[in-house]
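Data first, discussion second: the structure below is written as structure tokens.
Where a number appears in this text, it was derived from the coordinates with a stated rule and is not lab data. It should be emphasised that the depicted structure is a prediction, and the values quoted were computed from it without experimental measurement. Ideal geometry is used to build each Cβ from the backbone, glycine not excepted, and the neighbour counts take in all protein chains shown.
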Amino acid sequence: MTDLRELYQEVILDHYKNPRNFGDLAEATHRAVGDNPLCGDNIIVSVRIDGDRVSEVQFTGSGCAISTASASLMTESVTGKTLNDCEMAFRDFHELVTSEQGHAALGKLAVFAGVREFPSRVKCATLAWHTLRAALAGAKKVTTE
Ligand code: ZN
């Protein structure tokens, strides 16, 4: 039987080594910088919104494996979603990494359920989501402190 934990680590490593949607979107309508001074993670999330939908999202910057993989999976997860669904996904993800009632419905994002045992890593895992949310709200900067 495959160890779930190992599988999760594989997904995280894969997205860390080959981050999806990595770059800065030239036609971005929204953009924010996210800082996690505790770990040294720094990312920029750029988003293009068409109507009430996220049509494209990219991220760049540098960070640890957890923050990079989380940003990569976040971009995959929210592309094509409405702004309302992005907010719901943010809340679901936040709940996943902070409480026992984590959502199984999050699909691939469930790989981050394990970080709830490491409170300092929660900030790494949620950085991209906080940055996305800041960008969508028109803020330029967000920090986990
Ligand atoms: Zn980190």
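Hey, could you grab the Kirkwood Rh for segment 2-140? Inverse mean 1/r over distinct alpha carbon pairs, Å, one decimal.
Result for segment 2-140, one decimal place: 14.7 Å.
Once both axes come from the Cα atoms, what is the angle between helix 4-17 and the longest principal axis of the chain, in degrees from 0 to 90, rounded to 10?
30 degrees
Using a simple charge model, +1 on the beta-carbon of Lys and Arg, -1 on the beta-carbon of Asp and Glu, nothing else, what dipole does the chain show about its Cα centre, in debye to the nearest 20?
260 debye
Which is farthest toward the positive dipole end of segment 2-140 among G61, H15, A110, measuring Cα position about the Cα centre, with Cβ charges +1 (Lys, Arg) and -1 (Asp, Glu)?
Of the candidates, G61 comes out farthest on the positive side.
Which whole-number percentage describes the relative contact order of segment 14-67, with Cα contacts under 8 Å and a sequence gap of 6 or more?
Worked out over segment 14-67, it gives 35 percent.
Per the helix-only calculation at 222 nm, which mean residue ellipticity applies to the chain, given -39500 (n - 2.57) for every DSSP H run of n ≥ 4 and division by its residues, nearest 500 deg cm²/dmol?
Calculated mean residue ellipticity at 222 nm is -14000 deg cm²/dmol.
Which angle between 0 and 90 degrees, to the nearest 10, do you get for helix 83-98 versus the longest principal axis of the chain when only C-alpha atoms count?
So the helix axis and the longest Cα principal axis differ by about 30 degrees.
What is the angle, in °, between the Cα long axis of helix 65-78 and the longest principal axis of the Cα atoms in the chain? Nearest 10 is fine, range 0 to 90.
60 degrees
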